[in-house]
Structure formats: C-alpha cells, structure tokens
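Let me begin by presenting the structure, written as structure tokens, before commenting on it.
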Amino acid sequence: MPLRRWPLALLLLPLLAVGAAAAGTIEGTVVKVVDGDTIHVQLADRIEKIRYIGVDAPELHHPVRGEEPGGREAARANRDLVDGRRVRLELDVRTRDRWGRLLAYVWVGHTMVNAELVRLGYAQVMTVPPNVRYQDLFLALQREARGAHRGLWRHAAERDAWRAVVAAIRPS
C-alpha cells in the first residue's frame, strides 16, 4: 500500500512548487553545506545561514555530542542535492530560529530538498510550530523511507535484525 501512495506524493510536489512561488521566495546560491539540514546561501547582498524547516538530520559538529551516527551520510546527501546550486527559499510563519538562522523550505527546481532528504531517509521529521506547512507530506515520506529501510533507516533495520539473531540464540 505505501508504494501506491508514493506516486501521489510525486504528483503533489509540482503543485507544492507552485504554492511556494506564490508564497513569495528568496533566491540565492548555496556556497557551503554545513551538515544534513543547514547550508549557507549567497543572496544578493549577503550570505545567510539557512536551517531547513520541518526536518532534523544527524549532526556533524555538535558542540557537546560531536559527530552523531549518520551525520556524514546526511551531509553527503545534502551536498549532492544543493552544493553550488541555485536555490529558492520558501519562508513560513516564523522566519528565524533562536540562533538567528533563516528558516526555509529549500527548493532546487521543482524538488523540495527538505522533503527529498526525508524521502531518502537522511533526515527525520521535526515539527516546530508554527512552521507546519508541509508536516503531513514529511510524515508520509518518513513512513515510506523507514518502511523501505532507506538511508539512515537502513542502519536501524540492520540493528534490529542483529538483535533478533542474538535473542534467538541466547539461552532462556
């Protein structure tokens, strides 16, 4: 059943792109990929640090926890999607986080990068109201990625399989 819904999600993405254009956007070029959910974008007059809305990827440079498992893979997936490319930044209700980063849905052509990272399994849904415009889409894509063991979910499936093997051979 989840595979039947996936074509519907693909059909919705171009409609979402039209909505993004209507909502007013900012355009720029990605000059740095920080990690799986943060980039630096050259706008007309400045460079802005952008945090993707609605998703969370493992950290590469966390000040306390350091590099989290899957951080390099998530950053690589993000880099493959956006590095050096022209992007369109769609803002939502709250435009900045507590660290001053611009919050955005990031588009490359008709592809929303936030959604694509979730679809590929390199980011999880992280809803922070009031920025909830694409929450339902992100949740559907996360269910499909997890069910298909894509990206970071592949490691969780391997871990679960190993635990099952150990439990099966462990004497009661």
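The values are calculated or read from the model by the stated rules, or taken from the named source; none is laboratory data. Just so it is clear, the model here is predicted, and its values are computed rather than measured. Don't worry about glycine lacking a Cβ; one is built from the backbone with ideal geometry, like all the others, and counts go over all protein chains shown.
Quick one: what pairs do we get from region 149-161, first residue modelled with pLDDT of 90 or more, second surrounded by 14 or more Cβ atoms within 10 Å (Cβ to Cβ) and of a type in the set (S, T, N, Q), C-beta under 6 Å, 6+ apart or different chains? Filtered contacts from region 149-161: no entries. With among the hydroxyl-bearing types (Ser, Thr, Tyr), within 23 Å of residue 145 (Cβ to Cβ) and surrounded by fewer than 18 Cβ atoms within 10 Å (Cβ to Cβ) as the only criterion, which of 127, 95 stands out? The conditions single out 127.
Only residues that are acidic (Asp, Glu) and part of a loop (DSSP other than H, G, I, E, B): list them for region 67-100, please.
Just the residues of region 67-100 that are acidic (Asp, Glu), to begin with: 67-68, 73, 80, 83, 90, 92, 97.
Result: 67, 68, 83, 92, 97.
Here is the figure for region 109-142: residues that are in a helix (DSSP H, G or I) and in contact with a strand residue (DSSP E or B) (Cβ under 9 Å, 6 or more places away or on another chain) total 12.
Report yes if some residue within region 65-75 is surrounded by 12 or more Cβ atoms within 10 Å (Cβ to Cβ), within 20 Å of residue 148 (Cα to Cα) and at pLDDT 95 or above; otherwise report no. Yes.
Just checking, does region 6-22 include any residue being among the hydrophobic types (A, V, I, L, M, F, W, C), at pLDDT 80 or above and touching a strand residue (DSSP E or B) at 6+ places or on another chain (Cβ under 6 Å)?
no
Here is a list: 102, 117, 141. Which entry is crowded, with 20+ Cβ neighbours inside 10 Å, in contact with a Lys or Arg (Cβ under 7 Å, 6 or more places away or on another chain) and touching a residue at least 40 places away in the same chain (Cβ under 8 Å)? Can you show your working first?
Numbers: 102 fails: crowded, with 20+ Cβ neighbours inside 10 Å; 117 fails: in contact with a Lys or Arg (Cβ under 7 Å, 6 or more places away or on another chain).
Only one candidate qualifies: 141.
For residue 51, the conditions (1) of a type outside the set (Asp, Glu); (2) closer than 23 Å to residue 139 by Cα; (3) in contact with a helix residue (DSSP H, G or I) (Cβ under 9 Å, 6 or more places away or on another chain) are fulfilled apart from (3).
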